[in-house]
Amino acid sequence: MTAHMPKITVRGKVLDRQQTEAVVDGAKTELVIAGAGTGKTTTLVGRAKYLVEVLEVPFDRILMISFTNNTVDDLRKAVRDELRCGDARNIMTIHSLGSMIVNREACVADRRARLIKGILVNLVSNNGYYAEQLIEYTEKLTEFPHTNYSMNYEYITEDGLRRTANVLFEHDIPYRYERAGAQNDWKGRITVADGEGRPIELYTSNDAVRAASKDPNALLSMLRGRGFVFDRHDRREYAMKLINRWNLRIPNSIGNTIARSKAVGVTFDHLIMENEIRNAGDGPLKGSVSGRLDLLYRINKEYCEQYESNGLVDYEDMIVKAAERLEGGFVPPFRYDHVLIDEYQDVSPILVRLITAMRRRMNFNLFCVGDDWQSIYSFNGGDISQMYGFGDAWKDWGAPSVRKIETTYRCPKSIVDITNRFVMKNRKQLEKSVRSFHGGRDFGIELLPALYKRDIPDMIGNRLDHLPGDSSIFIIGRARGDLFAFQFDDRFRFEQGVEKPDLAGTVPMRYRRHIVYPDGTEDDEDMEITYVTAHSAKGLEADYVFIIADRDRKCFPSTADDDISVLFPRPIEAAELPEERRVFYVAMTRARKRLFIVNRAEKGDSFASDSPFVKEIVSFYPKGFDESTPTCAKCGGAMKIKVGERNKFYACAAFPKCAGSFRTFREM
């Protein structure tokens with residue numbers, strides 16, 4: 001840091017040179033391009049502190065915007081601690097800003113879902129066409145994002161049993177599903193009663209059932225042959241059953257699609273036209289998508305009419321209406337000289353429109369911080385092209401200043417080097433040289449090979465047994481359904497249960513670990529860990545991170561997508577599955593000390609993987625992975641940490657079947 005630059009402290013730490021240069025830059029418009037763990041929030045708070053304490057800008061003339069209530073709360077606390085500025089109400093979400101301008105009550109969350117549910121009930125109960133479209137819409141939800149859920153909204157991992165359950169539910173045949181577990185040799189089963197009340201158990205291991213489950217007609221013939229009497233549901237009755245079983249999940253899914261269309265400025269007329277264009281050729285979109293678009297078009301039309309008639313507005317329309325008011329000459333009763341925006345990589349086109357309209361009224365200075373490498377919310381309307389086209393968006397206020405903050409204070413060097421190389425396979429992304437503040441030459445990534453689903457908790461548990469007891473620990477999955485990998489291991493316990501997990505969020509867990517002390521004594525103790533999805537992990541960090549990268553279980557990268565989402569415009573990028581690459585990058589860069597990747601390996605080759613992402617990062621530095629990921633020299637399999645009379649060591653996980661070579665244990 002040069003002598004003439006001010007010394008700015010945030011949370012007791014002096015800002016580094018790049019952070020300080022970004023904070024004191026006097027440009028009318030500024031973009032700060034950050035990396036994971038480089039202090040985006042710290043820099044944003046530092047900017048506010050510099051404006052108030054050095055440039056003497058009144059704090060109430062500064063607007064700070066973040067994207068969620070949680071991040072706003074965190075930002076308010078940080079600013080209050082630094083500036084002693086009261087309630088900091090001028091730190092808000094973009095939706096709160098829109099509400100200040102429009103002054104309308106919001107139709108969001110459960111209120112929105114209940115409104116859409118009422119519209120659905122009315123449509124499907126009176127119109128067989130829309131009932132059929134809702135059935136098809138729900139079928140698509142069981143493919144993505146509610147993967148492995150039956151039409152009866154049960155989590156059934158076995159494909160054959162899930163198809164069987166769907167046929168039974170559709171024909172109103174009562175059944176009971178039991179998940180796989182050690183008590184029945186890891187085989188799931190469905191139990192039904194025949195025409196005389198005798199129970200019949202259907203197993204995935206039953207060849208006849210497995211064959212019949214692939215063909216609903218064959219399954220029904222088999223059931224009739226065993227005395228079952230049934231008939232197919234009336235389609236409207238069946239659609240109503242789906243609404244009742246799925247409760248607000250279907251309305252929430254429909255509401256999210258409506259919100260996304262508004263956030264990116266794409267109408268349902270446009271989606272219908274785009275689908276027709278694709279179907280005119282030899283593209284993959286055929287069949288039912290047109291009908292489901294008709295359903296969404298009708299629901300959206302009635303939804304907007306109903307919330308308008310009740311004096312409400314949803315979040316997306318709130319932002320659009322706020323922009324329209326400002327563009328129409330409205331003068332708001334507040335004024336800002338500086339606007340600071342956090343997480344700019346997640347902005348939507350309508351947000352940029354609102355800020356632009358407000359800036360034309362107030363001519364404020366604009367300071368934005370973002371990391372395009374962590375742009376992972378396109379399904380919510382986030383548009384990475386807004387960051388790529390930053391200069392064009394704000395050219396009316398002159399050429400912007402572009403700064404970078406590139407020192408990460410979170411991850412060790414080996415993780416930083418590999419994740420940098422991994423994410424920059426997409427050459428469209430903004431280039432930066434993220435470097436680690438931490439020294440040391442230890443390789444901070446280890447693969448935990450898993451041949452079968454039951455190996456996942458076993459391999460994670462083995463490492464947890466040997467980590468410091470006061471460590472913070474994340475287990476990161478692609479979706480919350482990955483929690484079911486731990487359901488049969490008694491050492492893992494869930495404080496809130498996982499019977500019907502949501503698709504995102506965090507779940508507190510406890511792990512009962514066995515400790516062998518150097519003097520030979522043993523003990524059991526609980527270790528607090530957190531399961532978190534990759535999207536929910538963004539902005540968080542932990543000492544040790546375990547990533548479930550099991551491609552067989554639709555993890556990293558997830559190639560699942562629905563045939564309506566693909567109709568939305570997407571920026572052209574320079575890599576396959578660009579957003580999935582960024583999601584995996586976010587997951588990997590949560591680790592402060594060490595990263596463990598649970599990898600679906602092949603027998604005899606712990607470095608083989610079903611995940612192209614895992615293959616890629618191993619290829620970057622095979623020697624490092626070979627040294628950090630012990631494999632048995634005899635069978636090529638995974639190794640576990642064991643405790644001997646004198647020390648810890650690695651032993652073949654297949655022992656006693658394989659008594660292959662051991663390696664001296666290296667402290668993590």
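Quick notes
- Among the residues making up segment 412-467, those that are open to solvent by 10 Å² or more (accessible area, probe 1.4 Å) and among the hydroxyl-bearing types (Ser, Thr, Tyr) are Ser414, Ser433, Ser436, Tyr452.
- When segment 18-41 is filtered for residues that are modelled with pLDDT of 95 or more, outside any loop (DSSP other than H, G, I, E, B) and of a type outside the set (A, V, I, L, M), the ones remaining, listed by number, are Gln18, Gln19, Thr20, Glu21, Thr29, Glu30.
- All positions within segment 581-601 that are of a type outside the set (Val, Ile, Thr) and out of contact with any strand residue (DSSP E or B) (no Cβ under 9 Å at 6 or more places or on another chain): Arg581, Arg582, Tyr585
- Leu219 modelled with pLDDT under 85, open to solvent by less than 30 Å² (accessible area, probe 1.4 Å), in a loop (DSSP other than H, G, I, E, B) and not charged (D, E, K, R): no
- Residue list for segment 1-46, restricted to those being open to solvent by 10 Å² or more (accessible area, probe 1.4 Å), closer than 23 Å to Gly389 by Cβ and of a type outside the set (A, V, I, L, M): Asp25, Lys28, Lys40
- Asp317 being acidic (Asp, Glu) and within 29 Å of Asp346 (Cα to Cα): yes
- Some residue of segment 649-667 being open to solvent by 40 Å² or more (accessible area, probe 1.4 Å), part of a helix (DSSP H, G or I) and out of contact with any His (no Cβ under 6 Å at 6 or more places or on another chain): no
- Taken over segment 574-631, residues that are small (Gly, Ala, Ser), closer than 22 Å to Ala34 by Cα and open to solvent by 10 Å² or more (accessible area, probe 1.4 Å) amount to 2.
- Ser378 vs. criteria touching a Phe, Trp or Tyr at 6+ places or on another chain (Cβ under 9 Å), modelled with pLDDT under 95 and under 23 Å from Ser261 (Cα atoms): yes
- Pairs linking a residue in segment 647-663 that is over 18 Å from Leu448 (Cβ atoms) to a residue that is open to solvent by less than 50 Å² (accessible area, probe 1.4 Å) and not in a strand (DSSP E or B), with Cβ atoms under 6 Å and 6 or more positions apart or on different chains, do not occur.
- Of the residues making up segment 252-275, those that are in contact with a helix residue (DSSP H, G or I) (Cβ under 7 Å, 6 or more places away or on another chain) and either at positive phi or aliphatic (A, V, I, L, M) (or both) are Ile254, Ile258, Ala259, Ala263, Val264, Gly265, Leu271, Ile272.
- Selection status of Leu430, at pLDDT 90 or above and out of contact with any His (no Cβ under 8 Å at 6 or more places or on another chain): yes
- Single residue of segment 618-646 satisfying the filter (touching a residue at least 40 places away in the same chain (Cβ under 8 Å) and assigned to a helix (DSSP H, G or I)) that is farthest from Leu577 (Cα to Cα): Glu627
- Among the residues of segment 372-387, not one is open to solvent by 40 Å² or more (accessible area, probe 1.4 Å) and acidic (Asp, Glu).
- Inside segment 143-174, residues that are hydroxyl-bearing (Ser, Thr, Tyr), in contact with a strand residue (DSSP E or B) (Cβ under 7 Å, 6 or more places away or on another chain) and either surrounded by fewer than 20 Cβ atoms within 10 Å (Cβ to Cβ) or closer than 16 Å to Pro216 by Cβ (or both) make up a count of 1.
- Scope segment 584-617; condition part of a helix (DSSP H, G or I) and either farther than 23 Å from Ala263 by Cβ or modelled with pLDDT under 95 (or both); matching residues: Phe584, Tyr585, Ala587, Met588, Pro612, Phe613, Val614, Lys615, Glu616, Ile617
- The residues of segment 323-345 that are at pLDDT 95 or above, open to solvent by less than 50 Å² (accessible area, probe 1.4 Å) and out of contact with any strand residue (DSSP E or B) (no Cβ under 6 Å at 6 or more places or on another chain), listed by number, are Ala323, Leu326.
- Test: residue in segment 389-406 that is hydroxyl-bearing (Ser, Thr, Tyr), open to solvent by 10 Å² or more (accessible area, probe 1.4 Å) and at pLDDT below 95: no
- For the residues Tyr315, Tyr303, the requirement of being in contact with a His (Cβ under 7 Å, 6 or more places away or on another chain) and closer than 30 Å to Gln386 by Cα singles out Tyr315.
- The listed residue being of a type in the set (Asp, Glu), out of contact with any Leu (no Cβ under 7 Å at 6 or more places or on another chain) and under 14 Å from Ile529 (Cα atoms), out of Asp455, Asp470: Asp470
- Filtering segment 113-135 to residues that are open to solvent by 30 Å² or more (accessible area, probe 1.4 Å) and closer than 13 Å to Ser253 by Cβ leaves only Lys117.
- Among the residues of segment 506-540, the ones that are more than 15 Å from Phe484 (Cα to Cα), open to solvent by less than 20 Å² (accessible area, probe 1.4 Å) and under 16 Å from the mean Cα position of the chain (by Cα) come to 2 in all.
- Among (1) at pLDDT 85 or above; (2) touching a Ser or Thr at 6+ places or on another chain (Cβ under 7 Å); (3) open to solvent by less than 10 Å² (accessible area, probe 1.4 Å); (4) farther than 24 Å from Leu141 by Cβ - the single one Asp543 does not satisfy: (3)
The values are calculated or read from the model by the stated rules, or taken from the named source; none is laboratory data. Computed from a predicted model, the values in this text were never measured in an experiment. We place every Cβ from the backbone using ideal geometry, glycine too, and count neighbours over all the protein chains shown. In case anyone asks, the SASA skips ligands and DNA or RNA and just uses the protein heavy atoms, side chains included. Shrake-Rupley method; radii C 1.70, N 1.55, O 1.52, S 1.80 Å.
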